[in-house]
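S.K.: Sharing a structure, written as C-alpha cells. Questions coming.
The values are calculated or read from the model by the stated rules, or taken from the named source; none is laboratory data. Model, not experiment: these values are computed from the prediction. Backbone-built Cβ (ideal geometry, glycine too); neighbour counts: all protein chains shown.
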Amino acid sequence: MTCKIITVMLILSLIILTALMALSEEKEMTLEESMNIALKENPNMKKADSKVKEADRTISETRGSMLPQLDAGVNYTRTGNISTLNLEQLGIKGNFQDENNYKVYASLTQMLFDYRLITSYELSKLNFLDVTYQYDTTKQDVLYNVNKTYYNVLLANSNMALAEETVTQYKTELERTQKMYKQGSVPKYDVLRVEVDLASAQEKYITASNNIDLSKATFNNALGIDLSTPVNIRSFLSYTPWSVDYQKSLDYAFKNRPEILQVDNLLSIAEEKIQYAKGERYPSVNLNAYYYSQNDTLTQPPNTWSLTVGASVPIFHGGSIKARIEKAEEQLSQMNDQKVLTYQSVELDVKQSYLNMAEALKRIDVAEKTVASAEESKRMADLRYKGGVANIQEVLDTQTSLTSAKTNYLQAIYDYEMAKISLKKSMGMLAKTDKTKDIKNDNTTTDDKKSTDDKK
C-alpha cells in the first residue's frame with residue numbers, strides 16, 4: 001500500500017513539475033506581435049500620432065471661427081461713506097450714503113461671409129489628410145524596420161546554428177583523424193591541419209553568437225523598447241514563395257502607396273491656396289449684436305442694445321494680393337512636377353523590389369542544389385580519405401565548400417524575404433491587411449513554407 005502511495009505521489013510530482021516548466025517557458029515573440037508592440041512603443045509612431053491629433057484640433061479650431069462668437073461680462077461696485085472724517089467741518093456738503101453699481105453686457109459676432117475663412121477651413125481638412133498620409137508613411141517605415149530587424153535575428157539564429165554544426169563536424173573530424181594518426185595510417189600534419197580549421201570554425205561561432213546579441217538589440221530599437229530587454233526569438237529562417245503580377249503590383253501601388261495619396265492631396269492643397277489668395281479680393285461680412293445694462297442712469301440709459309451688419313472690402317494693397325496669387329500658382333506648378341517625380345520613384349521602387357525578389361528566388365533554387373552537391377562531395381571525400389585514397393586537404397576543402405553553400409543558401413532566403421517585404425512596402429500594403437490575392441494572377445499559387453531545417 002505504501003509503495004502505491006509513493007508511486008502516485010511521484011507521478012503527481014512529475015505532472016506538477018512538467019506543468020510548472022511549461023508555464024515558466026517564455027513564449028516566443030512572433031512577427032505580428034512585434035509589429036503591434038512597435039505601433040504602440042516606437043517614438044516615431046507616437047510623434048506621428050500626436051501630429052494627427054494636432055491637425056484634428058486645428059480643424060475644430062478653424063470650424064469654431066465660423067460659428068457664432070458670444071461673450072458676456074458683469075461688473076459690480078459697492079461704494080461706502082467715509083464716516084471717519086467730518087466733511088461738513090471742512091465745508092464739504094453732500095450725500096455720502098452707500099451705493100451699489102452694476103454693469104452687465106453681452107456681445108454676439110457671426111461671420112456671414114468670409115471667403116478666406118471658408119477656404120482656411122477647407123485647407124485645415126486637407127492638411128489633416130496630409131498628416132494622416134505622413135502617419136501612414138511613418139507606419140510603413142516603422143513596420144519595415146521591424147520586419148527587417150526580425151529577420152536579422154532569424155538570420156543570426158540560423159548562422160549560429162550553422163556555426164555550431166560546423167564546429168561539431170570539425171570536432172568529429174579531429175577525433176577521427178587523431179584515431180587514424182594513433183593507428184599510424186595518417187601523418188601528424190593531418191591532425192594539425194584539422195585543429196587549425198577547428199579553431200577557425202570556433203572563432204566564427206563566437207562571432208555568430210555576438211551577432212545574435214547585436215541583432216536583438218537592433219530589433220529592440222526598432223520596436224522602441226529598452227535595448228537590454230530580453231528578446232525571445234528562437235526561430236530560424238524560412239521562406240514562402242510569393243507569386244505576384246508586376247503590373248498589378250504597380251497598379252496597386254499607384255492606388256495605395258501613402259506617398260502617392262499624399263502628393264495628390266498636396267495638389268489639392270496647392271489649388272486651395274490659390275483660392276485662399278484670391279479670397280483676399282472678396283469682401284467679408286459680419287453681424288454684430290451688443291447689449292448693455294447698468295443701474296447708473298446718469299451717464300446713459302439703463303438698457304442699451306445695438307445690431308450691426310458690417311462689410312470690409314479690399315481696395316488697394318500695393319499689388320501684394322496679386323503677388324500672393326502668383327506665388328500660389330507657382331507652387332501648384334511645382335507640385336505638379338513633384339507628382340511626376342513621386343510616381344516615377346514609386347514605379348522604380350516596385351520594379352527594383354520585384355526584380356530583386358525574382359532574383360533571390362532563383363538564387364535559392366541554385367543554392368539548394370549547391371548544398372546537395374556539396375554534401376555529396378563531402379561524403380565521397382570522407383570515404384576516399386578513410387580508404388587512404390584522398391588526403392586531409394581534400395576533406396577539409398569539401399567541408400569548407402559545404403559550409404559556404406549553406407551560408408549562401410541562408411543569405412538567399414534572407415534576401416528573398418527582404419525583397420518581398422520591400423515590394424509590399426513599395427506597394428503601400430505593408431501596414432495594411434495582406435491583400436495578396438487582389439494582385440495575384442488567377443493561375444498562380446503559393447507554395448508551402450520551406451524551412452532551412454529541411455536542408456540540414
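S.K.: Under 6 Å between Cβ atoms, which residue pairs at least 6 apart in sequence (or on different chains) link something in segment 403-431 that is on the phi > 0 side of the Ramachandran plot with a partner that is surrounded by 23 or more Cβ atoms within 10 Å (Cβ to Cβ)?
M.R.: Gly428/Ala253; Gly428/Arg257
S.K.: When segment 294-323 is examined, which residues are found to be at pLDDT 70 or above, under 27 Å from Lys273 (Cβ atoms) and not hydrophobic (A, V, I, L, M, F, W, C)?
M.R.: Ser312, Pro314, Gly319, Ser320, Lys322
S.K.: From the list Asp365, Asp382, Asp397, which one is in a helix (DSSP H, G or I), over 30 Å from Pro187 (Cβ atoms) and not aliphatic (A, V, I, L, M)? Lay out the reasoning, then the answer.
M.R.: Working: Asp382 fails: over 30 Å from Pro187 (Cβ atoms); Asp397 fails: over 30 Å from Pro187 (Cβ atoms).
From the options Asp365, Asp382, Asp397, the qualifying one is Asp365.
S.K.: Can you give me the number of residues within segment 125-170 that are hydroxyl-bearing (Ser, Thr, Tyr), over 28 Å from Lys40 (Cβ atoms) and touching a residue at least 60 places away in the same chain (Cβ under 8 Å)?
M.R.: Residues of segment 125-170 hydroxyl-bearing (Ser, Thr, Tyr): 132-133, 135, 137-138, 144, 149-151, 158, 166, 168, 170.
Then drop every residue that is not over 28 Å from Lys40 (Cβ atoms), which leaves 158, 166, 168, 170.
Among the residues that remain, those that are also touching a residue at least 60 places away in the same chain (Cβ under 8 Å) are: 158, 166, 170.
Of the residues in segment 125-170, 3 are hydroxyl-bearing (Ser, Thr, Tyr), over 28 Å from Lys40 (Cβ atoms) and touching a residue at least 60 places away in the same chain (Cβ under 8 Å).
S.K.: Scan (1) farther than 30 Å from Tyr133 by Cβ; (2) under 35 Å from the mean Cα position of the chain (by Cα); (3) surrounded by fewer than 12 Cβ atoms within 10 Å (Cβ to Cβ) for the single condition Thr308 breaks and write down its number.
M.R.: The single condition Thr308 does not satisfy is (2).
S.K.: Still on this structure, please answer the following. Report, ordered by the first and then the second residue, all pairs with beta carbons closer than 9 Å, sequence separation of six or more or different chains, a first member in segment 98-113 that is among the basic types (Lys, Arg) and modelled with pLDDT of 65 or more, and a second member that is surrounded by 15 or more Cβ atoms within 10 Å (Cβ to Cβ) and in a strand (DSSP E or B).
M.R.: Filtered contacts from segment 98-113: Lys103/Tyr292; Lys103/Ser293; Lys103/Gln294.
S.K.: Of everything in segment 140-184, what is of a type in the set (Gly, Ala, Ser) and outside any helix (DSSP H, G or I)? Give them in sequence order.
M.R.: If the condition is that a residue be of a type in the set (Gly, Ala, Ser) and outside any helix (DSSP H, G or I), then Gly184 is the only one that fits.
S.K.: Applying the selection to segment 40-64, what residues are closer than 16 Å to Tyr133 by Cβ and among the acidic types (Asp, Glu)?
M.R.: Asp49, Glu54, Asp56
S.K.: Then there's this: Counting only residues that are surrounded by 17 or more Cβ atoms within 10 Å (Cβ to Cβ), touching a residue at least 24 places away in the same chain (Cβ under 8 Å) and not β-branched (Val, Ile, Thr), how many does segment 206-234 have?
M.R.: Count: 8.
S.K.: Let me ask something else about it. State which residue is nearest to Tyr151 (Cα to Cα) when the search covers only segment 367-416 and only residues that are among the basic types (Lys, Arg) and surrounded by fewer than 17 Cβ atoms within 10 Å (Cβ to Cβ).
M.R.: Restricting attention to segment 367-416, the residues satisfying the condition of being among the basic types (Lys, Arg) are 369, 378-379, 384, 386, 406.
Pick out the ones that are also surrounded by fewer than 17 Cβ atoms within 10 Å (Cβ to Cβ) and you get 369, 379, 384, 386.
Working: Lys369: 24, Arg379: 32, Arg384: 40, Lys386: 41 Å.
Per the stated criteria, the residue is Lys369.
S.K.: Identify all residues within segment 185-205 that are touching a residue at least 12 places away in the same chain (Cβ under 8 Å) and part of a helix (DSSP H, G or I); write none if there are none.
M.R.: Passing the criteria: Tyr189, Asp190, Val191, Arg193, Val194, Glu195, Asp197, Leu198, Ala201, Gln202, Lys204, Tyr205.
S.K.: I would also like to ask the following. Under 6 Å between Cβ atoms, at least 6 apart or on separate chains: pull out the pairs that start in segment 240-251 with a residue that is surrounded by fewer than 16 Cβ atoms within 10 Å (Cβ to Cβ) and end on any residue that is among the hydroxyl-bearing types (Ser, Thr, Tyr) and modelled with pLDDT of 90 or more.
M.R.: Taking only residues 6 or more apart or on different chains, the pairs are Tyr246/Tyr354.
S.K.: Could I ask something else about it? Within segment 205-235, can you find the residues that are in contact with a Ser or Thr (Cβ under 9 Å, 6 or more places away or on another chain), hydrophobic (A, V, I, L, M, F, W, C), modelled with pLDDT of 95 or more and more than 30 Å from Val346 (Cα to Cα)?
M.R.: Ala217
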